[in-house]
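J.: After the structure tokens below, expect a handful of questions from me.
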Amino acid sequence: MSKITRRKFLAGSMAGGAAIAMAPTKKAFGANLEGFPDGMGVLVDMTRCVGCRSCEAACNKEQNLPEPDKSFDDYSVFDERPHGHYRRPTEKAYTVVNRYDPVDEQPVYRKIQCNHCNEPACLTSCFVNAYTKTPEGAVIYNDKVCVGCRNCMIACPFGIPAYSYSSAINPIIKKCIFCYDTRLKNGQTPACVEACPQQVMVFGKRKELIKIAHDRIRRSPVKYVDQVYGEKEVGGTGWLYLSGVPFQEAGFNISLPSEPIINNVKDFLAIVPMVLAIWPALFTGFHLLATKGKSHGHGDDHSHDGQEEH
Amino acid sequence: MKKLAANGIKPHDAEMKADGRKFSLMEKLLLGLTLDQYVQQVIRNKFNWLLALIFVVGIPLIIYRFIFGLGVVTHSSYDYPWGLFLGFGLFCMVPLSASGFMLGTTVEIFGRHDFEPIERLALLNGLLGYFFAVVYLLVDLGQPWRLAYPMVYSFGPAAVLFLVGWHVATYLSVQVAEVSTAFFEWIGFRRGYEFIRKGTIGLTVSGIILSTLHQGALGALFVYAPGKVHPLWYSASFQWIHFFVSSIPAGLCMVICVSTVVIYTMKWRCDQRFIDSLDRITISLAKGASMGLFTYLFIKLLAVAHDNEWAYLATGWGAWWLFEMFFGVILALIVLGVGIHHKSVALCRLGALITVLGILLNRLNTALIAFNWNLYPEIPHIFEVIISITIFAIYVTTYRFILNRLPILYQFKSRAEA
């Protein structure tokens, strides 16, 4: 009996061991919520934006995107409501400006693009590691490894990544990459920031931008809402917003947690190694307890001669 | 086949013919019939006509999708990146295929050999469900030829999907090994059969591990989307355990449903052992399923209490959630309970059907209906629906092809017994 038992036990633990060997190794998350110390960001002051769409045009040119359906000086796009909602970035436009009309207030214009999170949900949800948060602060994407599962689109709390569904052989994720390849890498200002005639955006180190933002609020407490959107949302984002109206009135999602998205998944990730470690012994033990001393059934049979099913 | 049986023709079920000659592979494939007999019985069956009709429409559409891209068969939604292919194909097929590890555990680990007549059906149900979940995935992936990338080329080990990918792939091979015993018997490869049988315990235990984790992981995938999934269907702490626990009644009830279809439409293929024990086993499986369902009901309420979401119950979404719970869980529990109490196989089968529908509703709710609840509802493209139905039809066809041949519903008569 002891020999049989031992072999069965080994078989069980081997299977478990194999599973452990294949188990994903977990990175340490959340250790550094501030992100890279010298990560760059952009401060968007919405009180200055007049909705000229120059940034959209600059982005289109910089990223060699296809001709838009309506030209960039056509302001009827502000009245478009695809699916009953405001415009969002698409595979043809990495940034869009929307007009919001708060009650009893002037219209507010808001530029939307990838916010370049400190701990990006897209990155942590990607099973081929196609996303990288660069030390410069950009969240970039490698289309050479992307399988096209689109989990990043599920995970992104801002609804940014778009997908080129129309391509049959090489569909890829399309999103703002902070002009990483052409500009940020060399320390240059992103195209949209450079193109803005109103100095809506300030490009700089994220740490500095947060100071500037709070300075502006302190100096004009009546003009601004006392909040820097992106300072805390989902662990902090590279792009930060100042607003003259409550953020929800400019279409911002104000129900986002201040923890990074990955923190929600940690409960599950933590049980993975436990299941891998405990289950083999637990269930092999159950097997021994349940079958010991039973005279029939192939539980005993198959271990000696392979005959079964009497 | 019924007509043939009435004429005294018996399907192939043993290694040797009555005269002591071995069956050839061709004869095995034709179920021991002549080619004429085989073709005639295929044509006689009206169900085959329905399948043919689905294939005529659906298979060209699948080809169309691969030539022109996902954009032509879906709405190319940026807000609903996962449509029916994953919402139904992956998130519904996988829990309904939990039967393999459930029955494997019952028979092999707990030594309950009274469940043996249905073990192979449950294993096959698991294998095919997973295999076709992968088929759905291949249709949905933007670049399906890169499916193996997370295994061999570029690793994102911190992602839940990485775990799902690895575990489904590993578990598929485990299930292939488990079902291969039936194939080895059928083809007459005795040594392969014995080799696999020796590893049964190891295979079964790894099946439990992998199932626990990836059934749960499918739920954990939605934990990435707080705010997108409606709070009643979202639980950061419990999502994985909701998905895992509900997969238990799902898998058991799927076996009850499949065995019901089998006993009514393929009785000729079932041997006396299967036919005689099915009623008893159905009631036992129903007992297991109702325990699973009761636990599931409890932890679903626990999650609402934990996140203090009672206020949502008074909204329209709350009514929909209550419907899912009352129909898919509470009604199922009542029907199963009455069925078990009165030893009514028919009621147990009805309860199993309700459970399966309830699980489908839960998964579709999480993945599609209550997803983006504060945006707009997405109605899948008609081609997406047709392709999903077509793949399901291929699944049914494969299922039937294997059940007709391999010793799943009947015991193979080896040389000694013939």
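The values are calculated or read from the model by the stated rules, or taken from the named source; none is laboratory data. Here the structure is a predicted model, which means the values were calculated and not measured. Positions of Cβ are generated from backbone atoms using ideal geometry, with glycine treated the same way; all protein chains shown enter the neighbour counts. Each accessible area value is taken on the protein alone, full model and side chains, heavy atoms only, with ligands, DNA and RNA left out. Shrake-Rupley method; radii C 1.70, N 1.55, O 1.52, S 1.80 Å.
J.: Treat each spin label as a single point 7 Å out from the Cα along the C-beta direction, and report the B:Leu375 to A:Asp74 distance in nm.
T.: The answer from the label model is 2.4 nm.
J.: Just checking the output field for A:160-169: average partner chain Cβ neighbours within 10 Å of each residue's Cβ?
T.: Values: counts 1, 2, 4, 7, 5, 12, 6, 6, 10, 6.
Mean shielding by partner chains, rounded to a whole number: 6.
J.: How many percent of the alpha carbon pairs in region A:40-259 exceed a separation of 28 Å?
T.: Details: 6052 of 24090 pairs.
The answer is 25 percent, as a whole percent.
J.: Between the helical axis of B:332-341 and the dominant principal axis of chain B, each derived from Cα atoms, what acute angle in degrees is found, rounded to the nearest 10?
T.: On a 0 to 90 degree scale, this one is about 40.
J.: While we're on this one: Measuring with a 1.4 Å probe in the full set of protein chains, what accessible area per residue, in whole Å², belongs to the protein assembly as shown?
T.: On a per-residue basis, 42 Å².
J.: Once you have the Cα-Cα distance between A:Arg218 and A:Gln248, take 0.36 nm times their residue separation minus that, and quote the gain in nm to one decimal.
T.: Gain in length upon complete extension: 8.7 nm.
J.: Taking 8 Å as the Cα distance limit and 6 or more residues as the minimum spacing, I'd like the relative contact order of region B:86-209 as a percentage.
T.: Reported relative contact order: 30 percent.
J.: Roll a 1.4 angstrom probe over the protein heavy atoms and tell me the percent of accessible area of the protein assembly as shown that is carbon or sulfur.
T.: For the protein assembly as shown, the apolar C and S fraction of the accessible surface comes to 64 percent.
J.: Hey, another quick one. Please calculate the 1.4 Å probe accessible area of A:Glu249, with all protein chains present, and give it to the nearest 10 Å².
T.: Roll a 1.4 Å probe over it and A:Glu249 shows about 80 Å².
J.: Determine the residues within region B:34-74 where the difference in accessible area between the chain on its own and the full set of protein chains amounts to at least 30 Å²; count protein heavy atoms only and use a 1.4 Å probe.
T.: In region B:34-74, residues shielded by partner chains: B:Leu70.
J.: How would region B:83-384 be classified by its alpha-carbon gyration tensor: rounded, prolate or oblate, with rounded meaning a/c under 1.5 and the a/b versus b/c comparison settling the rest?
T.: Details: a/c = 1.91, a/b = 1.23, b/c = 1.55.
Oblate, because a/c is 1.5 or more while a/b does not exceed b/c.
J.: While we're on this one: How many square angstrom of accessible surface are buried between B and A, both sides summed, with a 1.4 Å probe and rounding to 100?
T.: 6600 Å²
J.: Given a 1.4 Å probe and the protein chains all in place, what does the accessible area of A:Thr237 round to, in Å² to the nearest 10?
T.: Roll a 1.4 Å probe over it and A:Thr237 shows about 0 Å².
J.: If you don't mind, another one. Return the subset of A:Lys111/A:Lys175; A:Lys144/A:Lys266; A:Lys266/B:Lys228; A:Lys92/A:Lys232 for which the Cα-Cα distance in this structure is over 21 Å, preserving the input order.
T.: Details: A:Lys111/A:Lys175 14 Å; A:Lys144/A:Lys266 28 Å; A:Lys266/B:Lys228 18 Å; A:Lys92/A:Lys232 30 Å.
Pairs exceeding the cut-off: A:Lys144/A:Lys266; A:Lys92/A:Lys232.
J.: On to the next question. Given charges of +1 on the Cβ of Lys and Arg and -1 on the Cβ of Asp and Glu, with all other atoms neutral, how large is the dipole of the protein assembly as shown about its Cα centre, in debye to the nearest 20?
T.: On the way: 67 positive and 56 negative charges, 330 e Å.
Result for the protein assembly as shown is approximately 1580 debye, rounded to the nearest 20.
J.: So between B:Lys22 and B:Glu194, what do we pick up on full extension, going 0.36 nm a residue minus the alpha carbon distance?
T.: 59.9 nm
J.: In the full protein assembly as shown, how much of A:Arg110 is accessible to a 1.4 Å probe, in Å² to the nearest 10?
T.: The value for A:Arg110 is about 30 Å².
J.: Take each of the peptides B:265-271, B:237-243, average the number of other beta-carbon atoms within 10 Å over its residues, and list them starting from the highest.
T.: So the order, starting with the most tightly packed, is B:237-243, B:265-271.
J.: Using a simple spin-label model with points 7 Å from Cα along the Cα→Cβ vector, what separation in nm is obtained for B:Thr398 and A:Lys211?
T.: Inter-label distance under the simple model: 6.2 nm.
J.: On to the next question. Calculated FRET efficiency, B:Met266 and A:Leu289, Cβ-Cβ r, R0 41 Å, to nearest 0.05?
T.: E(calc), rounded to 0.05, equals 0.65.
J.: Shifting gears a bit: Compute the relative contact order of region A:40-259 as a whole-number percentage, counting only Cα pairs closer than 8 Å that sit 6 or more residues apart in sequence.
T.: The value is 28 percent.
J.: What FRET efficiency comes out for A:Ile169 versus B:Lys343 if R0 is 56 angstrom and r is the Cβ-Cβ distance? Round to the nearest 0.05.
T.: Numbers: r = 58 Å, r/R0 = 1.04.
With R0 = 56 Å, the Cβ-Cβ based efficiency is 0.45.
J.: Additional query: May I ask you to derive the relative contact order of region B:165-217, considering only C-alpha pairs under 8 Å and at least 6 residues apart, and to give it as an integer percent?
T.: 49 percent
J.: Here is a follow-up. May I ask for log10 I(q)/I(0) of the protein assembly as shown at q = 0.06, 0.07, 0.09, 0.12 Å⁻¹, from a Debye sum over the Cα atoms as equal point scatterers with solvent left out?
T.: -0.42, -0.55, -0.86, -1.34
J.: For the protein assembly as shown, give the share of DSSP beta bridges that are antiparallel, in percent and rounded to the nearest 5; count only bridges with both residues there. Walk me through the intermediate numbers first.
T.: Numbers: 20 of 26 bridges.
Among the beta bridges of the protein assembly as shown, antiparallel pairing accounts for roughly 75 percent.
J.: Stretched out fully, how many nm does the piece from B:Leu29 to B:Leu53 gain, at 0.36 nm a residue minus the Cα gap?
T.: Details: separation 24, 0.36 × 24 = 8.64 nm, distance 2.39 nm.
Between B:Leu29 and B:Leu53, full extension yields an extra 6.3 nm.
J.: With angles folded into 0 to 90 degrees, how steeply does helix B:116-140 sit against the dominant principal axis of chain B? Use alpha carbons for both and round to 10.
T.: 50 degrees
J.: I want to check the label-to-label distance for B:Arg44 and A:Leu282. Put each point 7 Å from Cα in the C-beta direction and report it in nm to one decimal.
T.: 5.2 nm
J.: Residue by residue through region A:222-231, what is 3J(HN,Hα) from phi via Karplus (6.51 cos²θ - 1.76 cosθ + 1.60, θ = phi - 60°)? Round to whole Hz and write x for glycine and proline.
T.: 7, 6, 10, 6, 7, 7, 10, 6, x, 5
J.: Using a 1.4 Å probe on the heavy atoms of the protein chains only, list every residue of region B:147-196 that has 50 Å² or more less accessible area in the complete assembly than in its chain alone.
T.: B:Ser154, B:Pro157, B:Ala158, B:Leu161, B:Leu163
J.: Which ³J(HN,Hα) values, rounded to whole Hz and listed in residue order, are derived for region B:280-295 from phi using the Karplus coefficients 6.51, -1.76 and 1.60 in 6.51 cos²θ - 1.76 cosθ + 1.60 with θ = phi - 60°, glycine and proline given as x?
T.: Per-residue couplings from phi come out as 4, 5, 4, 5, 5, 4, 4, 4, x, 5, 5, 5, x, 5, 5, 4 Hz.
J.: Per-residue ellipticity at 222 nm for chain B, helices alone: DSSP H runs ≥ 4 residues times -39500 (n - 2.57), over residue total, nearest 500 deg cm²/dmol?
T.: The helix-only estimate for chain B comes to -21000 deg cm²/dmol at 222 nm.
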